[in-house]
Amino acid sequence: MLLPKKDLLKKTGEVDYFNWNYTFPINLIQIYRFKKIIHLLGDRKYKNLLEIGTGSGIFLPELAKHTENLFACDIHDNYEHIEKLMSNYKVTNYWVGKQNIEETNYPDNYFDAIVAVSVLEFVSDLHKAIKEIKRILSPDGVFITICPGTNKFMDAILSLYTHKKPSKEFGNARLYVAKTLEENLAVLEKGTLLPFEKSFPVYTHLKLGKSSPN
């Protein structure tokens, strides 16, 4: 996986913890998330790929290797460093800007792949976000995401690094995000960080299709 040079990145908001990717031992979990997304993307090169909640843009140089046209959005206004970041890795076919995944101006059925790394637990209206993802995803497209779970051990680690309770960060979203996605999209692949995660949930990864199972 291509991890950008740290000095090319910039903190873009309160929950943008890009520096964790360079800090042992929490970087082991951070990098795991990205590698799992790459695995789920597979060997295919997508025509149009969107990353939602791009934050500092740390994942963009890697995602550019998997698509002809790379798009990314977030709700912040701090994109000035992205040009230097992408230029450093010789990426030209990209479009990054401020958009809220609950309502975007992207065309219907446009993206062959949409990626979200620990994003949907922060949206205000999850059902609205899912509806928008389905609108802009092509009929045969895939939505690939990884969502955090909740347990006392992980909560203790998060509290150590964020200096606040996870309930302040996520509310109760970690309890229902993955389940809601499964109820509204077709599950193509599902897995967890650890084999015994039913009793010790850390992360759930999902590869989803546009068609609802209902």
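Observations
- Of the GluC sites (Glu not before Pro) in the stretch 1-86, those whose Cβ has at most 14 other Cβ within 10 Å and which sit in DSSP loop: Glu14, Glu80
- Cross-link partners of Lys11 among aspartates and glutamates (Cα-Cα below 20 Å; sequence separation of 8 or more within a chain): Glu51, Glu62, Asp74, Asp77, Glu80, Glu83, Glu121, Glu169
- Residues whose amide H comes within less than 5 Å of that of Thr192, counting only those at least five positions distant or on another chain, are His205 (H built at 1.01 Å from N in the peptide plane).
- For the stretch 72-87, Karplus couplings with θ = phi - 60° (6.51, -1.76, 1.60), whole Hz, Gly/Pro x: 8, 8, 6, 8, 8, 10, 9, 10, 4, 7, 5, 4, 5, 4, 6, 4
- The distance between label points at Val15 and Val187 comes to 2.3 nm (points 7 Å beyond Cα on the Cα→Cβ vector).
- Placing +1 on each Lys and Arg Cβ and -1 on each Asp and Glu Cβ, with no other charges, gives the stretch 1-121 a dipole about its Cα centre of roughly 640 debye.
- Across the stretch 137-145, computed HN-Hα scalar couplings (Karplus, 6.51 cos²θ - 1.76 cosθ + 1.60, θ = phi - 60°) run 7, 5, x, 9, x, 10, 10, 10, 9 Hz from first to last residue, x flagging Gly and Pro.
- Shown is the FRET efficiency for Leu160 and Arg44, computed with R0 = 41 Å from the Cβ-Cβ distance and rounded to the nearest 0.05: 0.60.
- In this structure, the pairs whose alpha-carbon distance is over 27 Å, taken from Lys10/Lys190; Lys5/Lys36; Lys45/Lys98; Lys5/Lys190, are Lys10/Lys190; Lys5/Lys190.
- The stretch 73-134: trypsin sites (Lys or Arg not before Pro) in DSSP loop, at most 11 other beta carbons within 10 Å: Lys90
- log₁₀ of I(q)/I(0) at q = 0.08 Å⁻¹ - the stretch 17-209, Debye sum with one point per alpha carbon: -0.25
- Computed magnitude of the charge dipole of the stretch 17-209 (debye, nearest 20; Cβ of K, R +1, Cβ of D, E -1): 500 debye
- Considering the stretch 1-85 at the alpha-carbon level, its Rg and Dmax are found to be 12.7, 35 Å.
- Since only Leu49, Ile114, Leu175 are under comparison, the one whose Cα sits farthest along the positive direction of the charge dipole of the stretch 17-209, derived from C-beta charges on Lys, Arg, Asp and Glu, is Leu175.
- Per residue, the chain reaches -8000 deg cm²/dmol at 222 nm when only DSSP H runs of four or more residues are counted, each adding -39500 (n - 2.57).
Any read-out appearing in this document is the output of simple, stated calculations on the displayed coordinates, not a laboratory observation. Remember, predicted model here, so these are calculated numbers, not experimental data. Using ideal geometry, Cβ is built from the backbone for each residue, glycine included, and neighbour counts are taken over all protein chains shown.
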